[in-house]
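The values are calculated or read from the model by the stated rules, or taken from the named source; none is laboratory data. All figures in this text were calculated on a predicted structure; none of them were measured in a lab. As a convention, Cβ positions derive from the backbone with ideal geometry for all residues, glycine included, and neighbour counts pool all protein chains shown.
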Amino acid sequence: MTTTEAGSEARVPSTDGPGGGAVPVLGSLSPSRAGDFMTCPLLYRFRVIDKLPERPSAAAARGTLVHAVLERLYDLPTAGRTVAAALDLLDPQWERLLAAEPELAELFAGEGGETERAEWLAQARLMVERYFTLEDPRRLEPAERELFVETVLESGLKLRGFIDRVDVAPSGDVRIVDYKTGTAPRADFEARALFQMKFYALVLWRLQGRVPRLLQLMYLGNGEVLRYEPDEADLRATQRKVEALWAAIRRAMESGEWRPRASRLCDWCDHKARCPQFGGTPPPLPSAPVERPSPADLESAARERDDL
Ligand code: SF4
């Protein structure tokens, strides 16, 4: 039995409820899907409820590739974690991703595709090289990479996600690290960027009983690092926020009202043609859960590898 982002009333025993007792799981939420709902409730519906397909994106594929390289880099012996060794991982990792998701080949299938692919790969190379300007992987030994974490809140909401990297100091202090292949956000968008990290910190706190010491976002698009030291009050506030988001999602599920929220992100939205904000009509809501994997599910699968 599984739960869904859409919160079908699957009931799965949990072992991390209050007092260690089982909590019935009423739904689940990842930072990405929470972000979708905050961006646009209708986008959340299209992705999670309707599970509509989306075109592969070159930026997303590059993010996946760079993450794969940085993950595998730490498989190498410490002294071998050089820029050259990391760059050597690009081609084999791309071949591996293509084998797992053959539709990625469509990204460069058109006229001029080879040139576009070369530019795309050059950008990926640049991001890998930039990573080395931010830290020296020969001086690091991550405790975890691509760590899947989940916890069930007392309300029955399961929080889950993949953490790019977890470092643990000899003192036991935990640092959560996330690689971003975009550029650092403007100051007024930092809170949004940190939400994902606080979400992970909340999950780890519940699992380990210790508040992570540092949250670190590494922006490989421009070489900036955003660091934040959370405290218990932060993580309690994050829990309240995800509970409120989940309550809003449940209300939308019950009413069937998924409001579009237009923003500059609409320019990249695959569902613009069916969006009422742009003169489109959404398809009828599915009467039964859609079985095919959603872009969100594919994202999760790819994270065994993934993330941007
Ligand atoms: S086009 Fe914009 S408003 Fe419409 S679904 Fe996509 S993100 Fe939401």
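Restricting attention to segment 116-159 and to residues that are touching a Leu at 6+ places or on another chain (Cβ under 9 Å) and hydroxyl-bearing (Ser, Thr, Tyr), the residue that is nearest to residue 71 (Cα to Cα) turns out to be 131. Might you let me know whether segment 189-202 holds any residue that is closer than 27 Å to residue 46 by Cβ, more than 16 Å from the ligand (Cβ to nearest atom) and in a loop (DSSP other than H, G, I, E, B)? Taking every residue of segment 189-202 in turn, none turns out to be closer than 27 Å to residue 46 by Cβ, more than 16 Å from the ligand (Cβ to nearest atom) and in a loop (DSSP other than H, G, I, E, B). Within segment 51-83, being of a type in the set (D, E, K, R) and at pLDDT 95 or above holds for 62, 71, 72, 75, 81. Exactly one residue out of 239, 208 is surrounded by fewer than 19 Cβ atoms within 10 Å (Cβ to Cβ), of a type outside the set (Val, Ile, Thr) and in contact with a strand residue (DSSP E or B) (Cβ under 9 Å, 6 or more places away or on another chain): that is 208.
Picking from residues in segment 228-258 that are assigned to a loop (DSSP other than H, G, I, E, B) and more than 23 Å from the chain's Cα centre (by Cα), the one that is farthest from the ligand (Cβ to nearest atom) is 256. Looking only at residues of segment 262-271 that are part of a loop (DSSP other than H, G, I, E, B) and surrounded by 15 or more Cβ atoms within 10 Å (Cβ to Cβ), we find that the one that is farthest from the ligand (Cβ to nearest atom) is 270. The set of residues in segment 128-158 that are at pLDDT 95 or above, over 18 Å from the mean Cα position of the chain (by Cα) and acidic (Asp, Glu) comprises 129, 135, 136, 141. Taking the criterion of being farther than 16 Å from residue 250 by Cα, assigned to a loop (DSSP other than H, G, I, E, B) and either within 16 Å of the ligand (Cβ to nearest atom) or in contact with a His (Cβ under 6 Å, 6 or more places away or on another chain) (or both), the residues of segment 32-83 that qualify are 51, 52, 53, 54, 55, 57. Would you confirm whether or not segment 210-225 contains a residue that is out of contact with any Lys or Arg (no Cβ under 6 Å at 6 or more places or on another chain), of a type in the set (S, T, N, Q) and not in a loop (DSSP other than H, G, I, E, B)? No: segment 210-225 contains no residue that is out of contact with any Lys or Arg (no Cβ under 6 Å at 6 or more places or on another chain), of a type in the set (S, T, N, Q) and not in a loop (DSSP other than H, G, I, E, B). Cβ contacts < 8 Å: first residue within 17 Å of residue 256 (Cα to Cα) and more than 16 Å from the ligand (Cβ to nearest atom), restricted to segment 276-293; second residue among the hydroxyl-bearing types (Ser, Thr, Tyr) and at pLDDT below 90, any location; separation 6+ or different chain. Result? Cβ pairs passing all conditions: 289/4; 289/8.
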